[in-house]
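Okay, structure first, notes after.
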Amino acid sequence: MTQQPANPPRKSRGFGSAGPDDEELVLSPSEAAAHNSAMRISGASRGERSTRKALASIVLGFELIIVVLIGLTIFGLGITDPRWLGLVIGGVLALMCVVGLATIRFGEVGIWIGWATHVLMLATAFILPAALFVGVIFTALWVYCIVRGGKIDRENAMLAAQA
């Protein structure tokens, strides 16, 4: 009877500190496609690899769907007068997400647009109180991704400088 190792080796690809004992994480095809897409949007095709921008683009991409649904909900419930104002609110927030995604690879512009989008999304809670719950969740995700992504980028830059 042969013994199997308790923890089979895993592979990781650069997220965080990479030491000599780190193993490589193997991504599924869908995870690899999502990662590659996020890196392309964040500007990695130009040689700049920013985990912070990649994570920010993922959050903004998912938030795009949510803000459209918030606008449709405000319109459908007829909360605003005129009623079509709900569509305008959702459309403006969606446009901000798209512009943020388009500019995220150019310096900090996309990140600042993302912050403004989150502030306005939280402000929709004055019209639709249920939007506060979703806004808080997405803002918490945004803050975590910006902070943790920045930390990972700094660690990677430090490792690159040492090499």
(request) Output the residues belonging to the stretch 125-156 that are in contact (Cβ under 8 Å) with a residue 24 or more places away in the chain and in contact with a Leu (Cβ under 7 Å, 6 or more places away or on another chain). (result) Cys145, Gly149
(message) For the stretch 117-153, give me each residue that is polar (S, T, N, Q) and within 15 Å of the chain's Cα centre (by Cα).
(response) Thr117, Thr139
(message) For the condition under 21 Å from Ile58 (Cα atoms) and of a type in the set (Asp, Glu), what is the one hit in Asp153, Asp81?
(response) Asp153
(request) For the stretch 80-98, enumerate the residues that are within 19 Å of the chain's Cα centre (by Cα) and farther than 14 Å from Ile70 by Cβ. (result) Val98
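None of the figures in this text is laboratory data; all of them are computed from the coordinates on show. Note that the structure is a prediction, hence the values are computed from the model and not measured. Counting neighbours? That spans all protein chains shown, and the Cβs are built from the backbone with ideal geometry, glycine included.
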